Amino acid sequence: MVDVVLMQGFAGLMWLLSMALILFSGFALIDAAIRREDGYRAVGKQTKPFWLIILAIAFVVNLIFPILSFLPAIGLVASIVYMVDVRPALRGLAGGGRNHRGSSSDGPYGPYNGGR
């Protein structure tokens, strides 16, 4: 009886971890898809299609393979690299994030001062 309860608890934990991994890789994929293409080149990272392909493969692998396989671990590494390296660099660009706090008169090369 105790064995059954322990196995059900372990299976539940593995299911929760699997869902968290799927959500994490899905968020990384969606975030990479909404970023501007020229931003990837501006920050010196790989291209947008490269990251979309890598993160899409990671997402599909997380959907198909069990969490105890080594392939989801590789997908997790790719998602983590995007989230901790590429995403902050893209958000650091002027106008690259949703919380851009520049003036409404800012142009592509800085603030417009009215010819002063």
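The values are calculated or read from the model by the stated rules, or taken from the named source; none is laboratory data. Fair warning: this is a prediction, and the values are worked out from it, not measured in the lab. Cβ sites come from the backbone with ideal geometry, for glycine too, and all protein chains shown count toward neighbours. For the accessible areas, the whole protein counts, side chains as well, though only heavy atoms, and no ligand, DNA or RNA atoms are used. Shrake-Rupley method; radii C 1.70, N 1.55, O 1.52, S 1.80 Å.
Go through the stretch 68-116 and give me each residue that's at pLDDT below 60 and open to solvent by 80 Å² or more (accessible area, probe 1.4 Å). Scanning the stretch 68-116 gives Arg98, Asn99, His100, Arg101, Ser104, Arg116.
Among the residues of the stretch 46-67, those that are outside any helix (DSSP H, G or I) and modelled with pLDDT of 90 or more comprise Gln46, Thr47, Phe65.
Could you grab me the full set of residues in the stretch 37-93 that are aromatic (Phe, Trp, Tyr) and free of Cβ contacts under 8 Å to residues at least 12 places away in the same chain? Across the stretch 37-93, the qualifying residues are Phe50, Phe65, Phe70.
Given the condition more than 13 Å from the chain's Cα centre (by Cα), in contact (Cβ under 8 Å) with a residue 12 or more places away in the chain, crowded, with 16+ Cβ neighbours inside 10 Å and under 15 Å from Val77 (Cα atoms), answer yes or no: does some residue in the stretch 14-36 qualify? Within the stretch 14-36, one or more residues are more than 13 Å from the chain's Cα centre (by Cα), in contact (Cβ under 8 Å) with a residue 12 or more places away in the chain, crowded, with 16+ Cβ neighbours inside 10 Å and under 15 Å from Val77 (Cα atoms).
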